[in-house]
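**Q** Input: one structure, supplied below.
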Amino acid sequence: MGYKSIYIRKEGGIATITLLQPFLNHQMAMELKDACQEIRWDKEVWVVVLAGGEDFCYGGEGIESQQGIEAIAHLDLPVLASISGRALGLGLALCLGCDIRIASPDASFGFPDLLSPLGGITQRLPRLIGRGKAFEMLLVGEIINSQEALQIGLINKIADNPLQITLDLARRLAQKAPIALRLAKEAVYKGLDLTLEQGLRLEADLYFLLHTTKDRIEGVRAFLEKRKAKFTGE
Amino acid sequence: MNGFETIIYQKKEGIAIVSLNRPHVLNAYNLKMRDELYQVLEAIRDDPDIEVAIFKGEGKSFCAGADLTEFLTAPSPIIAREVRWERDVWGLFLSLPQPLIAALHGYVLGSGVEIALCCDIRIASEDARFGLPETGLGIIPAAGATQNLPRTIKLGWALQILLSGDFFPAEEAYKIGLINKIVPREKLLQVSEEIALKIKSRPSHLVRKIKELIRRGLDVSLEQGLELEWRSWSI
């Protein structure tokens, strides 16, 4: 598919989406949306990596960006972000739509301009880092470094070469049962909108659904036979 | 109350101590343990003398997860689901009115983490190692981890732990807020008992009320939660 602002590479169950520009304009948002559609129907893709260049992404074009961010956030498979340089404004909103974030030591995060409430910033940020820090980041606009981002739970890890570490993690995830990964992600996100009791029902139902998969049998057998499981996504 | 095969249940001066006792298999959680745990939890719930309970593991580890040898003969999803809700050990665990303390050491994996998450306070020794390996086995946790973990620690950490299945040491568990305290291995039980004694020294009806209000409050809007808190006074 002739993407201009992003590049997709698929290998070993991993789709790596590289952002070719540090600004989330209308075109990039539409291409991210198309890419997510493509990934969604590709049975060979089990894990997604979203990587920036020198800068991850330092802003976007208001409402135009929204659809790209939501497309990433709505992927049902694990999405890992590799972040170097700046992740600001709607660029930060874009990485909030991912599940796990790995950043370089010199990365920076924040909302330097008071943004229109867009791209999920008023909803995903407080759910991720708590409301005290979210208010501070959104209202005061201070830019924080990787060390602080790690402390407040905004990112998961700091790495000198974030892309390499992110791809290592993606490869480990691609060894796991893909349906289990998707349902685990669903249980967490959907469960947070429910009461604990309802969430426990959801978790149990998704667990019983996995009883019908071949991968469950393979996973348990491989463990008991002390060998590496070979999952097929069935 | 004794004569269990997989659990040692002790009670002294208002404190219940529940020890998972299958040390030869690192206290792997099996059907027998489920049935016995259910009885023990009911006994704790219904015993007005017990003000606080400690959960620990015999031998080298707290609990290395579910006993997978029982997983090969999986019943149909419908049967499994019926069995699960007929005897809802995890719902019972989370509904106990007393504060529960988990004393964790060695491997704390899968169901081990889930038991710890059903407790209110988690103390671990330096040698403890944590992890949720389920997705590498073709399954997801089914004793509450997908719900209790993101309600206990920050969402980003919870997703990483659940999706990656990576093991991590006590130090990291402390940093992300999964455990309340790290202690030397030989002090684990002592520190847990000290905490239990402190809780016990406080008025039991208030301790229970606070646990209930925190747990119920997290499921409702702030306004409804404040209403619950206010009403708890007027009764």
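**Q** Considering only residues of segment A:172-229 that are at pLDDT 95 or above and of a type in the set (Ser, Thr, Tyr), which is nearest to B:Asp219 (Cα to Cα)?
**A** A:Thr195
**Q** Could you check segment A:134-147 and list, in sequence order, the residues that are in contact with a Leu (Cβ under 8 Å, 6 or more places away or on another chain) and assigned to a helix (DSSP H, G or I)?
**A** Correct list: A:Ala134, A:Met137, A:Leu138, A:Leu139.
Results for (1) within 7 Å of chain B (Cβ to nearest Cβ); (2) farther than 23 Å from A:Gly68 by Cβ; (3) free of Cβ contacts under 8 Å to residues at least 12 places away in the same chain; (4) of a type in the set (Phe, Trp, Tyr), shown as yes or no for each residue.
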| residue | (1), (2), (3), (4) |
| --- | --- |
| A:Pro117 | no, no, yes, no |
| A:Arg131 | no, yes, yes, no |
| A:Asn145 | no, yes, no, no |
| A:Lys157 | no, yes, no, no |
| A:Asp160 | no, yes, no, no |
| A:Leu163 | no, no, no, no |
| A:Lys190 | no, no, no, no |
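**Q** Any chance you could count how many residues in segment A:64-120 are farther than 18 Å from A:Glu31 by Cα, assigned to a loop (DSSP other than H, G, I, E, B) and touching a strand residue (DSSP E or B) at 6+ places or on another chain (Cβ under 9 Å)?
**A** 14
**Q** Determine whether A:Val49 is assigned to a loop (DSSP other than H, G, I, E, B), within 27 Å of A:Pro178 (Cα to Cα) and in contact with a strand residue (DSSP E or B) (Cβ under 6 Å, 6 or more places away or on another chain). First the steps, then the outcome.
**A** Values: assigned to a loop (DSSP other than H, G, I, E, B): no; within 27 Å of A:Pro178 (Cα to Cα): yes; in contact with a strand residue (DSSP E or B) (Cβ under 6 Å, 6 or more places away or on another chain): yes.
So A:Val49 fails the test.
**Q** A follow-up question, please. Looking at (1) without any contact (Cβ under 8 Å) to a residue 12 or more places away in the chain; (2) touching a helix residue (DSSP H, G or I) at 6+ places or on another chain (Cβ under 9 Å); (3) within 7 Å of chain B (Cβ to nearest Cβ), which is the only condition A:Arg201 fails?
**A** (3)
**Q** Out of all the residues in segment B:123-165, which are more than 7 Å from chain A (Cβ to nearest Cβ), among the β-branched types (Val, Ile, Thr) and crowded, with 23+ Cβ neighbours inside 10 Å?
**A** Across segment B:123-165, the qualifying residues are B:Ile123, B:Ile161.
**Q** Counting only residues that are outside any strand (DSSP E or B) and touching a strand residue (DSSP E or B) at 6+ places or on another chain (Cβ under 8 Å), how many does segment B:100-116 have?
**A** Going through segment B:100-116 one residue at a time, the tally reaches 8.
**Q** Sticking with this one: Out of B:Glu42, B:Glu5, I need the residue that is acidic (Asp, Glu) and not in a loop (DSSP other than H, G, I, E, B). Which one? Outline the logic, then answer.
**A** Numbers: B:Glu5 fails: not in a loop (DSSP other than H, G, I, E, B).
Matching residue, one of B:Glu42, B:Glu5: B:Glu42.
**Q** What are the pairs with Cβ atoms under 8 angstrom where one residue, in segment A:26-54, is closer than 22 Å to A:Gly233 by Cα and the other, located anywhere, is among the acidic types (Asp, Glu) and assigned to a loop (DSSP other than H, G, I, E, B)? Sequence gap at least six, or different chains.
**A** Pairs that qualify, where the first residue is closer than 22 Å to A:Gly233 by Cα and the partner is among the acidic types (Asp, Glu) and assigned to a loop (DSSP other than H, G, I, E, B), are A:Arg40/A:Asp76.
**Q** Counting only residues that are in contact with a Gly (Cβ under 8 Å, 6 or more places away or on another chain) and hydrophobic (A, V, I, L, M, F, W, C), which one in segment B:109-129 is farthest from A:Leu169 (Cα to Cα)?
**A** B:Cys118
**Q** Taking segment B:217-233, which residues are under 20 Å from A:Asp193 (Cβ atoms), part of a helix (DSSP H, G or I) and not small (Gly, Ala, Ser)?
**A** Kept after step one, since they are under 20 Å from A:Asp193 (Cβ atoms), are these residues of segment B:217-233: B:217-225.
Add one more test, that the residue is part of a helix (DSSP H, G or I), and what stays is B:217, B:222-225.
Within segment B:217-233, B:Leu222, B:Glu223, B:Gln224 qualify.
The values are calculated or read from the model by the stated rules, or taken from the named source; none is laboratory data. The shown structure was predicted, so the numbers you read here are calculated from the model rather than taken from an experiment. Please note: Cβ atoms are built from the backbone with ideal geometry, for glycine as well, and neighbour counts cover all protein chains shown.
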